[in-house]
Amino acid sequence: MQTQDLVDDFLAHLKARNMKPKTLLWYADLRRFAVACPELPLTPEPIERFLGGLECSDDTKFAYWRRLRALYQFARQRRRITRNPMTAVSRPQRLHKVPPTMEECELRDLVAAASSARDREMVLLTIDNGMRAAELAGLQWVHIRGNYIKVALKMREKYIPISDERRRALLKLRENSNGEYVFVNNRGDPLTPNGVYQVFRRLMDKAGIAGPKLGPHRVRHAIARGMIMQGADMATVQYTLGHSSINSTRVYTQLTPPDVIKKHARYSMAKVVASPLQGAMFEDEVVEAAEAIIAARRSGDNV
């Protein structure tokens, strides 16, 4: 079987499932595998040689492994192959990194860097509920409904909570708007997702916030982490950020070492165990007994 034929069929399958253009583009990189292995490998060794020959980062190599796993699963489901060689190809090792986030002072600097009401409300709304760039770009006034925002995604709808302060600020912003979209450019046209990203990148550069990932997605990381630090449960964070899988939320909510230190100082079990002992030290009977011992020692020293 020609590898390129299988890749083409797989991409057509993904397109028929209404996968996003970015997803299709990501899987289209399988054509590199088709060039390296024109005849579809049916044993793990050629696949491992392909992965081992890639001159790229560990994350990129892991991404190729994921693409190949999906490709061979498709081939097995469609009965193009009788055995899946990817079951014998081990997952490439990679360093698990804490996603880039932002400290409270950086979030304040980001807000201060916004010189226009539009940019300021865009930043504060993202800090309020972690809206994505595409959600900000597609936000219309009719979507703001009391204490939540209705967001229409490609395959589902979701409701994002919004604080009273942000709702009132947005309604005040509407006084100077004649269109249906909340965030527009200088010509009055709605911002594109890339336009939203560029606004955030410009403000982050102005605020002196270093990379990587200078966009609203980095703010989402900070919001998830901040909600966990303030005691929110994982399900609430998942719903607020709009994750279909809680595994995605776990990636966002990884704490930094300073976060762990703060949590440890607050929830250390040593405090819980030691607190009854500390309390006993101040009981009247204990204090009186200690004073009697000290007095006896002093009288003995004076003899």
Quiz item: Which FRET efficiency value, to the nearest 0.05, is calculated for ASP233 and ARG94 with the Förster distance at 30 angstrom and r the Cβ-Cβ distance?
Solution: 0.55
Quiz item: By average Cβ neighbour count within 10 Å, what is the ranking of 85-96, 128-139, 237-248 from highest down?
Solution: 128-139, 237-248, 85-96
Exercise. Compute the accessible area per residue over the range 9-133, keeping the other protein chains in place, probe 1.4 Å, unit Å².
Key: 59 Å²
Practice problem: Based solely on C-alpha atoms, express the radius of gyration and the Dmax of the range 125-250 in angstrom. | Solution: 14.8, 43
Quiz item: What does the convex hull of the Cα atoms of the range 46-167 come to per residue, in Å³, rounded to a whole number?
Solution: 175 Å³
Practice problem: Please list 168-175, 63-70, 214-221 highest first by mean number of surrounding beta-carbon atoms within 10 Å per residue. | Solution: 214-221, 63-70, 168-175
Exercise. Send over the per residue convex hull volume for the range 1-87, Cα only, as a whole number of Å³.
Key: 87 Å³
Quiz item: Given the Cα-Cα distance of LYS20 and ILE261 and 0.36 nm per residue of separation, how much length would full extension add, in nm?
Solution: 82.7 nm
Quiz item: Taking a spot 7 Å from the Cα of ARG49 along the direction of its beta carbon, which residues of the range 89-103 have an amide N less than 20 Å from it?
Solution: 89-92
Practice problem: Note the full-extension length gain between CYS105 and ARG168 as 0.36 nm times their separation in residues minus their Cα-Cα distance, in nm to one decimal. | Solution: 20.2 nm
Self-check item: Net charge dipole size for the range 53-138 [Lys, Arg +1 and Asp, Glu -1 on Cβ; Debye, nearest 20]
Solution: 1300 debye
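The values are calculated or read from the model by the stated rules, or taken from the named source; none is laboratory data. None of the values given here were measured: they were computed from a predicted structure. Please note: Cβ atoms are built from the backbone with ideal geometry, for glycine as well, and neighbour counts cover all protein chains shown. These accessible areas exclude ligands, DNA and RNA; they are computed on the full protein's heavy atoms, side chains included. Shrake-Rupley method; radii C 1.70, N 1.55, O 1.52, S 1.80 Å.
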